[in-house]
Amino acid sequence: MAVLDTEQDQFLCDGTTTVVGLTGEIDIATAERALARITAATADGCVVVDLSAVEFIDASGVNMLVRALRGATRVQHHLLLAGPTRQLSRILDVLGLRDVLATQDGVAAAVAAHAAPRHGHPPGALR
């Protein structure tokens, strides 16, 4: 069982997914603003966070993604990451968060994965 077992495979979705694009640096100065954008979107439904234009992410940014997942989980909506940089992918692997923060190579893949039913796994989870 993962450290953050969100039971996302039990969430019901209405089929819509909002894409929240983040850009630049996600650090202590920008993480709260990014979290506010993601939180607003998860209030309305499932969310794909497009990270393809993020140039840098530090511990504050990774913490923000975990907090965003927890917020989405509270309202029973999925949160998927799309297009993480090599740096972020490595951080997720080292911290053991890859199984918790469902990740896809790009936005189209994340949206498609979310739409595809998966039994026993959160939509979009790479297994």
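The values are calculated or read from the model by the stated rules, or taken from the named source; none is laboratory data. Just so you know, these numbers come straight off a predicted model, no measurement behind them. Cβ placement follows ideal geometry from the backbone for every residue including glycine, while neighbour counts extend to all protein chains displayed. Note: accessible area is taken over every heavy atom of the protein model, side chains too, but ligands, DNA and RNA are not part of it. Shrake-Rupley method; radii C 1.70, N 1.55, O 1.52, S 1.80 Å.
Test each condition in (1) open to solvent by less than 30 Å² (accessible area, probe 1.4 Å); (2) assigned to a loop (DSSP other than H, G, I, E, B); (3) farther than 15 Å from residue 20 by Cα for residue 98 and report the one that comes out false.
(1)
Table: residues versus (1) of a type in the set (Phe, Trp, Tyr); (2) over 22 Å from residue 36 (Cβ atoms); (3) open to solvent by 30 Å² or more (accessible area, probe 1.4 Å).
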residue: 57; (1), (2), (3): no, no, no
residue: 61; (1), (2), (3): no, no, no
residue: 69; (1), (2), (3): no, no, no
residue: 84; (1), (2), (3): no, no, no
residue: 89; (1), (2), (3): no, yes, no
residue: 102; (1), (2), (3): no, no, no
residue: 105; (1), (2), (3): no, yes, yes
residue: 108; (1), (2), (3): no, yes, yes
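Condition first: over 22 Å from residue 115 (Cβ atoms) and in a loop (DSSP other than H, G, I, E, B). Now tell me which residues in segment 76-91 satisfy that.
Keep residues of segment 76-91 that are over 22 Å from residue 115 (Cβ atoms), which gives 85-91.
Hit for segment 76-91 is 85, nothing else.
Within segment 42-53, how many residues turn out to be open to solvent by less than 10 Å² (accessible area, probe 1.4 Å) and either polar (S, T, N, Q) or over 12 Å from the mean Cα position of the chain (by Cα) (or both)?
Final tally of qualifying residues: 2.
How many residues does segment 33-75 contain that are charged (D, E, K, R), closer than 20 Å to residue 97 by Cα and in a helix (DSSP H, G or I)?
3
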